[in-house]
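Okay, structure first, notes after.
Throughout, read-outs are computed from the coordinates displayed, never taken from laboratory work. The shown structure was predicted, so the numbers you read here are calculated from the model rather than taken from an experiment. Backbone-built Cβ (ideal geometry, glycine too); neighbour counts: all protein chains shown.
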Amino acid sequence: MKILITGATGFVGSSLRRALAGEGHSIVVLTRSREPSEGSATWDPRAGKIDRDRLEGLDAVVHLAGESIGAGRWTRERKDRILRSRVDGTRLLASSLVKLERRPRILISASAVGYYGDRGEVVLDEESGPGDGFLADVCRSWEAAAEPASREGIDVVALRIGMVLGAEGGVLARLRPIFRVGMGAVQGSGRQYVSWITLDDLVGIVRHFLSRAGVPAPGESRAGRVVAVNAVAPNPVTNRQFTKALAQALGRPAILVAPGWALRLAMGEMAGPLLLASARAVPRRALESGYEFRHPELAGALRAISGRMRDS
């Protein structure tokens, strides 16, 4: 297949790009660079510009681009950038795809388990309703921005991604040095649920749904399907369980507690949604569609990842 990827240089995107290229797929990278290379196309979501000519002939699109939610305090301006980077980019991409002479069959568009908000111990599958708060509002708008594609016959998969664990970067790259010096800590009460997934399985789920995308019949016209998929492992854990498992995987103690008030003082508004909120999401659609997780349990996943960290 000819597959377009946005966010292809990021933690998830770079791994996905390597995996798909290794399978023999032709990859087109959507980049903000003003001088695109072979195999790339340019866009500027803020300006509403995209090189549509280079998008012709696509079979599938994987849209991962969006400003990091954890790279700085949530000022009013930063929250607006987080929202706009997702909504404007997704809307521009979706509206551009439907204008192509040959539309792709499927658009897999990133979202997040932040869609569900802070829901305590409630088990959340894809039929669960949205929650409240800034991240939930962002995710609802983010997913809605792909509607132009589905209205014109492109299948849309809204990939609600949990905390991604991998040796090459992401949250473990930030936590590993802290835990290595014995400063790993339970956050807040520790009872809040963490919906996690390994990078291997996230890439695997994307590949799984790409492989299920059909080939459009000549002249076919229909409304596309819109499907939400929780990209999380089958066994979410509490923050206390996560902290203990990571400490064990790294061979270090983790006896400290970071109180919620201290996290809010240090991080401001973002501490609640990112560290203290509870989302007990499960991957019902991935499992029902036949996807088999490489790392369904946290302890085994962390052992595998920490082994790669030692080897790198």
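Here the Karplus curve 6.51 cos²θ - 1.76 cosθ + 1.60, taken at θ = phi - 60°, turns the phi angles of the range 157-171 into couplings of 10, 8, 8, 7, 8, x, 5, 8, 10, x, 6, 8, x, x, 5 Hz, with x standing for Gly and Pro. A cut-off under 9 angstrom between Cβ atoms defines the neighbours of ARG280, and their net charge, with Lys, Arg +1 and Asp, Glu -1, is 0.
Provide the FRET efficiency to the nearest 0.05 for the ALA144-ALA304 pair, computing r from the beta carbons and using R0 = 30 Å.
Values: r = 37 Å, r/R0 = 1.22.
Between ALA144 and ALA304 the formula returns 0.25.
Can you give the Rg/Rh ratio of the chain, where Rg is from the C-alpha atoms and Rh is the Kirkwood radius? Please list the in-between numbers first.
Numbers: Rg = 19.5 Å, Rh = 20.1 Å.
In the chain, Rg relative to Rh is 0.97.
Could you put LYS49, LYS244, LYS2 in order, starting from the residue whose Cβ has the fewest other Cβ atoms within 10 Å? Mind dumping the intermediate values first?
Working: LYS49 12, LYS244 19, LYS2 15.
Ordered by Cβ neighbours within 10 Å, fewest first: LYS49, LYS2, LYS244.
Subtracting the Cα-Cα distance of VAL171 and SER68 from 0.36 nm times their residue separation leaves 35.9 nm of extension gain.
Rounded to the nearest 10 degrees, the inclination of helix 298-311 to the longest alpha-carbon principal axis of the chain is 80 degrees.
Rounded to 0.05, the FRET efficiency of the ASP44 and GLU77 pair, given R0 = 25 Å and the Cβ-Cβ distance, is 0.85. For the range 88-184, trypsin sites (Lys or Arg not before Pro) are listed when DSSP marks them as loop and at most 13 other Cβ atoms sit within 10 Å of their Cβ; the list is LYS99, ARG102.
Put simply, when 122-129, 276-283 are sorted by average Cβ atoms within 10 angstrom per residue, most first, you get 276-283, 122-129.
Look at ASP155, ASP59 and count the other Cβ atoms within 10 Å of each Cβ; fewest to most, that gives ASP59, ASP155.
Helices in the chain, meaning DSSP H runs of at least 4 residues, each add -39500 (n - 2.57). Divided by all residues, the mean residue ellipticity at 222 nm is -11000 deg cm²/dmol. A simple spin-label model places pseudo-atoms 7 Å from Cα toward Cβ; at GLU127 and GLU56 they are separated by 4.5 nm. Taking the chain as the region of interest, the number of lysine pairs whose Cα atoms are within less than 25 Å, with members eight or more places apart or on different chains, is 4.
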